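The values are calculated or read from the model by the stated rules, or taken from the named source; none is laboratory data. Worth saying up front: this structure is predicted, and the values here are computed from it rather than measured. So basically every Cβ, Gly included, is an ideal-geometry build from the backbone, and we count neighbours across all protein chains shown.
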Protein chains: 2
Amino acid sequence: MTETKADTRPDRRAAAFARIRDAHQTEVAEDYVELIDDLIAERGEARLVDVSAHMGVTHATAAKIIARLKREGLVLNRPYRSIFLTEDGTRMANMARQRHRVVFDFLRAIGIDRETAEADSEGMEHHASDQTLAAMERLTAEILNRRT
Amino acid sequence: MTETKADTRPDRRAAAFARIRDAHQTEVAEDYVELIDDLIAERGEARLVDVSAHMGVTHATAAKIIARLKREGLVLNRPYRSIFLTEDGTRMANMARQRHRVVFDFLRAIGIDRETAEADSEGMEHHASDQTLAAMERLTAEILNRRT
DNA sequence: AAAAAACTTTAGCCATGGCAAAACCTGAAG
DNA sequence: CTTCAGGTTTTGCCATGGCTAAAGTTTTTT
C-alpha cells in the first residue's frame, strides 16, 4: 500500500476510460449515419447493400446495426425500402462530418498523406474534444497561412 | 447505380473501417497491459482490485479481460496471486506508453489543458499511425523550440 | 486458531457487432 | 405474367466487454 507520487489515481483515470467507453457506443452510430447521409447526397438513396459494402461488413451485420439506429430514432425505413435519416440522425451526421473534416484537414496540413489521413481521422475524430478540435482548426489555419 | 465522381469508393473506405475495427480489438489489451506495467512499476505488483479500480470496471469484468490477455500470452498469473506481464505484454505496454506520451505531449504543446489532453490522448493514441505520430513529435518539438 | 475482512474466481445475465446460411420480397427480363 | 437475379430480412452462432451475485481463497485481526 505504499503511497506513490505518480499519477495512478484511480478516479481520474477511471473517468477517462469511462468516457472512452461511452464514446465507443456512439462511434458506430456516427459512422453509419455519416455514411448514410453521404450516400443519400451522392446517389439519392441509401441502400443496405451500399452501406454494408462501404463499411466493409456483411449485410446481416449492417442490417442489425441499422435496426439499432432505428430503435434509437436516428434512422427511418420501411421493409425492403431504402434508408433515411431522422432529424436527429441528420444532425448527428453533420456534426460527425464536421469533426471528421477538422481532423482530416489538420492531418493533411501537417503533411500526412491522403490515405493515412483518411484512415487516422476516421479513428481519431471520435476521441477529440471540442477543445482539441478548436486547437486543430487554429493550427491548420496557421500552417496554411505561413505557407503563403 | 449512377456512377458518382465523389469519394464513396467502397474499397478504400471499407479498408479504413476494417483497420479501425482491428484497432478496437487491441485497444483494450493495450490499455490493460499499460496499466499493469504502471502498477508493477509503482507499487511492485498488480492486483486485480487495483486494475479494476483504475479502469473503472468491476473486478468481474477485469478478471474476464485478464483471462483473455492470459490466453493471448500477454499476461501471466497464478490463481489468487498477482499479475505479471510476459515479454510480449511488456513490449506492448512500452509501445503503447510511448505512443500515449507522444500524443499527450503534442496536445499539451498545442495548448490543451492537462485533464483534456489526458482524456483525448487516451482515446486517440490507438488510432494514430506511425506517420501521424512522427509528425506530432516533430510539431511538438517545433512549437516548444519556437517558444524559447 | 477462529473469525472477519479483503480479494479472486465463477456463474449467469445483457447488448453489441461480427459471421454464414436460409428464407423472403421486389423488380426487371424474358 | 412468370421467372429469376438481386436486395433484404431473419435466424443462429461466436467473442467481447459490461454487470450482479455467490462461492471460494488468502490474509489479517482478534
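Considering only helices (runs of 4 or more DSSP H) fully contained in the range B:73-148, which possess at least 2 residues that are in contact with a Leu (Cβ under 7 Å, 6 or more places away or on another chain)? Show your work before the answer.
Working: elements: B:87-109, B:114-124, B:130-146.
Qualifying helices (runs of 4 or more DSSP H): B:87-109, B:114-124.
Considering A:GLU42, A:GLU34, the condition of being charged (D, E, K, R) and more than 8 Å from chain B (Cβ to nearest Cβ) is satisfied by A:GLU34 alone. Taking the range A:44-62 as the range and being in contact with a helix residue (DSSP H, G or I) (Cβ under 8 Å, 6 or more places away or on another chain) and either more than 8 Å from DNA strand C (Cβ to nearest atom) or farther than 17 Å from A:VAL28 by Cα (or both) as the test, the residues that pass are A:GLU45, A:ALA46, A:ARG47, A:LEU48, A:VAL49, A:ASP50, A:VAL51, A:ALA53, A:HIS54.
Consider the range A:51-65. How many of its residues are in a helix (DSSP H, G or I) and within 8 Å of chain B (Cβ to nearest Cβ)? Explain how you work it out, then say what you get.
Initial filter on the range A:51-65 (in a helix (DSSP H, G or I)): A:51-55, A:59-65.
Restricting the remaining residues to those that are within 8 Å of chain B (Cβ to nearest Cβ) gives A:53-55.
The total comes to 3.
Checking the structure you have, find out if any residue of the range A:100-118 is among the acidic types (Asp, Glu) and over 16 Å from the mean Cα position of the chain (by Cα).
From the range A:100-118, those among the acidic types (Asp, Glu) are A:105, A:113, A:115, A:118; that's our starting set.
This time we only want the ones that are over 16 Å from the mean Cα position of the chain (by Cα), so: A:113, A:115.
Taking every residue of the range A:100-118 in turn, at least one turns out to be among the acidic types (Asp, Glu) and over 16 Å from the mean Cα position of the chain (by Cα).
From the list A:LEU107, A:LEU74, A:LEU85, the lone residue that is within 23 Å of B:ALA16 (Cα to Cα), of a type in the set (A, V, I, L, M) and buried (at least 17 other Cβ atoms within 10 Å of the Cβ) is A:LEU107.
A:HIS100 falls short on exactly one of the conditions (1) away from every other protein chain (no Cβ under 14 Å); (2) modelled with pLDDT of 95 or more, and that condition is (1). What are the residues in the range A:118-135 that are hydrophobic (A, V, I, L, M, F, W, C) and facing chain B (nearest Cβ under 8 Å), if any? Result: A:ALA119, A:MET124, A:ALA128, A:ALA135. Keeping to the range A:39-57, report how many residues are in contact (Cβ under 8 Å) with a residue 24 or more places away in the chain, out of contact with any His (no Cβ under 7 Å at 6 or more places or on another chain) and not small (Gly, Ala, Ser). The total comes to 5. Looking at (1) surrounded by fewer than 19 Cβ atoms within 10 Å (Cβ to Cβ); (2) more than 30 Å from A:GLU118 (Cα to Cα), which one does B:ILE66 not meet, given that it meets all the others? Looking at each condition in turn, B:ILE66 falls short on (1). When each of B:ALA41, B:ALA23, B:ALA29 is tested for being within 13 Å of DNA strand C (Cβ to nearest atom), of a type in the set (A, V, I, L, M) and part of a helix (DSSP H, G or I), the lone residue that passes is B:ALA23. Step by step: first the residues of the range A:66-86, then only those that are under 16 Å from A:ILE40 (Cβ atoms), in contact (Cβ under 8 Å) with a residue 24 or more places away in the chain and within 11 Å of DNA strand C (Cβ to nearest atom), then the one that is nearest to the other protein chains (Cβ to nearest Cβ). Which residue is that? The extreme case among them is A:SER82.
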